[in-house]
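One structure is given below, encoded as C-alpha cells.
The values are calculated or read from the model by the stated rules, or taken from the named source; none is laboratory data. In this text the structure is predicted, and so the values were computed from the model without any measurement. Ideal geometry is used to build each Cβ from the backbone, glycine not excepted, and the neighbour counts take in all protein chains shown. Keep in mind that these areas ignore ligands, DNA and RNA; they rest on the heavy atoms of the full protein, side chains included. Shrake-Rupley method; radii C 1.70, N 1.55, O 1.52, S 1.80 Å.
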Amino acid sequence: MEQYIQKARAGDEEAFAYLVEHYEERLKKAAYRYVNDRADVEDVVQQTFLQAFKALHQLQELKYFWTWLYKILVRESYRILKKQERLGQLHEALAMQLDNKEPRIETDVTTAIRELKRPYQLAIMLHYFYDFKVMEIAHIMGKPVNTVKMYLHRGRKELRGVLERLNEKEIGMKEVKHMLKQEMFAMAQKYADVPAHYELALNSYVEGGVSSFMWQGKAEEEPVYLHMNSEGRLTDFLKLPTKEGEPISLEEKRIIAKNFLHAQYPDALMHYEHVTERDQGSNTIFRFEQQVHGLRLEAYYCRIEVTHCGEVISFTYRGYITEPAQIPKELYPPEKLLERLYRSEWSLRTENLIDGQGIQVMYKSAMLAVEAFDAMTGEAIDEIPRPEYNDEPFPHVELLEPQTTIEGMLKIDDSWERTDDSTDKISWRPKAFEPSINETFADYVKSSHKDHLWAVLQPENKRIISFMAFVEQQGEVVLTEEDCLCIAAQFVATYFHEFMPYLFVSVTSEKHEEEGKAYFIFSLQKDGYTISNEYFHIGVSKKDGSLLLVMTPDMSFEELAAFSPPSIRPVEALLPAEGIFPKLQWKKVYGEKPGLRLIYSFETANSEPVLGIDAQTGVVVACKLTLL
C-alpha cells in the first residue's frame, strides 16, 4: 500500500485512484456514524479525498496515511454537522455509547463515571477519552463554553468523590485526571508484551474514537502497535513474537485464531462464512469473510496471524453486516460490458510488473483503470481523470565529485548524528535532539518527523534506494526551477551514471508545486518505450539547494538494459481477448441504512485484476494480488 501512497504523493493520479477505491468504503462507514445521511456521507467522503489530494504532499510518514485521512474525515463531518446545525446528532450518538451496560472492561474509573450526572458523563468522556477541546464540546452539546467548563469541573469533583468511596481513600484531582488517561493505556498493555528496550512513542487516547498506542525499538525493528475502540476491543494489533515452542498443526492454529476473534467480538463468527489461509514462513494468516448469495464481502473481514507455536501477533477487524442485501432481478448484461471494453480506445503502455513478470509491453484500455461498474446500469463508479506525461531530453550537466560516504552524497553536515544504523537503513537527528512521549497522534507524527532524515540503502553495495528529509527550510527562495533541475540531474548522473542513456525528464501540465521546493521525475526509456512505473523522483530545496527527496527505480540497470521490445501486433488482431471476465461482487454503500451495492470489475478466472493484454501474444496480463 505504501507504494501507491508514495506514488500518489508524487502526483500519480492513477495511484491516488487506487487509494480512493481502497479506503472509500471504510471512510463511508465512519462518516455515516457521524452524519447519518447518505447524501452527506457522499459529500463528506468526496471532500475528504479532495482535501487529501490537495494536501497529500504534506504527509510525511506513509504508514500513517489512514490515520491522517481519518482526521480529515472527522473535520469534514464536523464541518457539515455544524453548518447544518445538527451537532446534536453527534451528541446523541455519543450518549448512546454511554448507555452501553456491558463495557468490555469494567474498572473503578468507568464504574465511577456511570454514577455521574449525564451532562458530566458526556463532557468527561469527550474531553478525556475522545480528546475534544472545550469549544468543540460546547458545539456538540449545544451549551455555552462556560457551561462545559462547569461540567468538567463539577464532573471531576464528583468523580473524585466516587473514586474515594470505591477506593476507601482520599484522591486528589490530578490523580483523577491521571486515572482517566491511564484507563485505555491499561487495556492496551495487556496485549502488548513489549520488549524491555522498546520505548513508548505514542500514548494517544483518541483517533476517530479509537485509542492508539505504539512502542518503538531500533529502526530495523517492527513496532508494537494497537488500536482499541472505546469498549476496549481491539481493532488493529501488531506485536513481536515472544513465545517459543514446538510447531502446532494448522487446525490448532485455526482454533486459536477463532478463539481470539471470539474473545473480542463474540458474534462475529456467526457471520463469517468464508475462511482463507496462507502460510507466511512459519506463521499462518487467516482471513475471515462474509458471503452474501455466494459472493464474498471482501470489505468486511478479520485478519489474524498466528505463529508456528500458536501466538497471535497480528489482528485486524473490519466488522460484518447483519442484514444481507438481495440481488436485483435485472442486471446489466456482463457481455455488453465486455463488448464496451473491446470497443474502447486501447493504447500501448510499458510497465515493470511484480512477482517476476518483468517488463511488460501491453495494450491498456481506460476502462481497465476503472475498478468498479454499477451492476444495474453498467456505469463507471468514481472514475478519476489522469494527467498525461511527456518525456523531454535529460539535461546536459557536469558530474559532481563523487563522495564515498552517504553523508557526503546527501550533503549531511556534522550537526547531524546517526540515530539508527543498520545494514540497509540509516536515520539522522540533530545532535541536540531530545526524544519525548506523545499524548496525541498529531504530536507523535510531528515529533517523529521534525528534524529527521531517513535513508534506505541496498545492503550489498550501500547504494541509495530512497532518502527523505523532514527539515523546516530557513531563509528566502534563491534558486529557480532550472537551478533545482540542474542539482537533481547532477545527483542522478553522478551516482546512477549507468542509467544516463535511458533517462528523460517527465513533464506534465498539472505539475505539483510546493512553496520553496521543486520536484522532478526522471523517466526511463528504452528503444522508445517508457517504463511508466519506474523512475527517479528527486526533491530539491529552492532555499539552499539541499536534497529533500530521493526515490530510485525498483528495477535494476541490468533488467532495463536486458529489455528488448517485442514485435507489436495491432490491437485489433488481439481482440477479443480470452480470459477477461466482468466479475459480479458486492461493494459497501451507505444511506438511511448501511447496505451493499452490486458491481462488476474486470478480472481473470483466478480473481486477479486485469491490467491489459500482451501487445505481442494477446495473453491477458493480470495483477498478482493477494488479500491476506
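Highest mean packing first, where packing is the average number of other Cβ atoms within 10 Å per residue, the peptides 18-29, 269-280 line up as 18-29, 269-280. Mean sequence separation of contacting Cα pairs (under 8 Å, at least six apart), scaled by the length of the stretch 518-600, corresponds to a relative contact order of 17 percent. The distance between label points at Gln458 and Gln326 comes to 6.1 nm (points 7 Å beyond Cα on the Cα→Cβ vector).
For the peptides 608-619, 401-412, residues were scored by their other Cβ atoms within 10 Å and the scores averaged per peptide; the highest-first order is 608-619, 401-412. With a simple spin-label model that places each label point 7 Å from the Cα along the Cα-to-Cβ direction, the separation between Gln490 and Met135 comes to 4.7 nm. In nm, give the distance between the simple-model label positions of Thr404 and Lys431, each being 7 Å from the Cα along the Cα-to-Cβ direction. So the label points at Thr404 and Lys431 sit 2.3 nm apart.
Entry comment: accessible area of the stretch 246-377 is 49 Å² per residue, from protein heavy atoms only and a probe of 1.4 Å. Ranked by the mean number of other Cβ atoms within 10 Å of their residues, highest first, the peptides 332-339, 151-158, 456-463 fall in the order 151-158, 332-339, 456-463. Segment Ala573..Gln473, full-extension length gain: 30.4 nm, with 0.36 nm per residue of separation and the alpha-carbon distance subtracted.
Exceedance of the 22 Å cut-off in Cα-Cα distance is limited, within the set Lys82/Lys143; Lys364/Lys526; Lys253/Lys583, to Lys253/Lys583. As a calculated quantity, the FRET efficiency between Ala605 and Glu222 at R0 = 35 Å, using C-beta atoms, amounts to about 0.45.
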